[in-house]
Every structure is written in C-alpha cells, then in structure tokens.
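First the structure, in the form of structure tokens, and then the observations on it.
Only the coordinates and a few stated rules stand behind these numbers; no lab work does. Since we're looking at a predicted model, the values are computed, not measured. Cβ placement follows ideal geometry from the backbone for every residue including glycine, while neighbour counts extend to all protein chains displayed.
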Ligand SMILES: Cc1cc2nc3c(=O)[nH]c(=O)nc-3n(C[C@H](O)[C@H](O)[C@H](O)COP(=O)(O)O)c2cc1C
C-alpha cells in the first residue's frame, strides 16, 4: 500500500468485527515496526500483545471496576495541560461532538458519555490489543520515539488491511493491565491499542486544523 494511502486511510476505529487477527500478521507488522527510528537507537518501546483468554480476563476485570464506579488507579502522568486552551479546546470539543453528539448523547449527559467511553475497555469489540510501556525514567524525547513507533505500527496495520485505535484510557486502569501483562515494576503503561478489522458500518469524519494553523513555511 502506498504510504499516502496508508496515512489517509488510518483512522481511530471504534467498532471492530469479531474476525480474529492472525498471529503471523501481527508478527510481520511488529517485526517491520521495529525499524522505527529512535534517539540514539534506544528503541524505548516495550510492547505486550494480548488476545484470547488473557484479553477477555482484562476486559472483564476493567468492566467490573468501571461498573462499580471505580475511577481507576493513581495516574502516573498528565494527559493534557491543567487548562486546555484555544485552539486545542476547539479541536477537543469537535472530537467530542463527533464521538458523543453524533450518537445522540448531549454534552451534559454524563452517564451517556460514560457509557460510550466505556466501550474503550471492551477494545471496541476488537479481539487483539497491544499495550505499550516505557521505562519510568525515560525523559520527554523518548516518549516521542514511542509515538513514532506506534504510528509505524498503525500504518503497517493498514498495509495488512487492519485498523487500530490507540487508547490512553487504558492507563487509567494500569494495575489491571499489569495483572495480565506482568510488566516489571520499572515499566509504565503509556497506552493500549485495539487492533482488528473495522466494522464496515463504522464512519467518522476526519477533523483537522487547516495546514496554515499548524505549519509555517519560511522561505
Ligand atoms: C496517544 C493517543 C491516545 C489516544 N487515546 C484514545 C483513547 O483513549 N480513546 C479513544 O477513543 N481514542 C484515543 N485516541 C484517538 C484520538 O482521539 C484520535 O487519534 C484523534 O481524534 C484523531 O482522529 P483519527 O485518529 O481518527 O484520525 C488516541 C490517540 C493517540 C495518538
């Protein structure tokens, strides 16, 4: 698949079919993604691929915690600045409108929003999830390495006809994830990624700032 096509067709899919993802496809994708660049070649990503019974156990454990009103484990890092300001706020609001408003859930409908958000912890129906950790002492630039790596994985998944959704919400229940991954204590969960075949009925608009808002040419 052409790189432009992989980039343009990648989207965060939030509804997957139950068609399983073959292990050899995942191995091919992850073997190629290992070619992603990183500062001083540290390759600071540590990935756990979970499917089958372990994923079912994890989905159930977190669903029970969410249903019991458990707000999650202590947070190890902030996902956003304390105050999300313009122009980021408008972009975030537009996403919320796409995720919740499009499904008939109003802005003030806390329970409705929570119900849709909880679909995250069912991996949106996907039967495979990847959990990405990095060592707790890795400074900011190494997090960028991990982002580059994850996008490489996502584009390679497109080349295999697969889709994905990266999910930072998994970090909210990182202890439940660690119960399944058995990641060593020096590793910190950054995010999960649901992987599978997109439900053909899934559709979501692409929401992006115009190029002039994010890119400056000086020539
Ligand atoms: C690091 C990262 C974490 C994300 N976490 C979540 C998440 O927890 N749940 C979710 O539904 N989407 C999550 N997303 C998806 C973003 O909402 C999405 O990338 C953004 O709205 C742009 O849409 P697109 O990916 O469909 O192009 C995450 C994306 C990234 C890159």
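Structural remarks
- Between residue 79 and residue 168, the contour length at 0.36 nm per residue exceeds the Cα-Cα span by 31.2 nm.
- Residue exposure sequence - 146, 215, 66 - by fewest surrounding Cβ within 10 Å: 215, 66, 146
- Placing dummy labels 7 Å off each Cα toward the beta-carbon, the span from residue 97 to residue 111 is 2.7 nm.
- Debye intensity ratio in log₁₀ form over the Cα atoms of the stretch 80-219, taken at each q of 0.12, 0.18 Å⁻¹: -0.64, -1.39
- Shown is the FRET efficiency for residue 159 and residue 119, computed with R0 = 30 Å from the Cβ-Cβ distance and rounded to the nearest 0.05: 0.70.
- In terms of other Cβ atoms within 10 Å, 143, 170, 121 run from fewest to most in the order 143, 121, 170.
- Counted over the chain, the DSSP beta bridges are approximately 95% antiparallel.
- By average C-beta atoms within 10 angstrom, highest first, the peptides 28-36, 97-105: 28-36, 97-105
- Extending 7 Å from Cα along the Cβ direction at residue 202 and again at residue 64 yields two label points whose distance is 2.7 nm.
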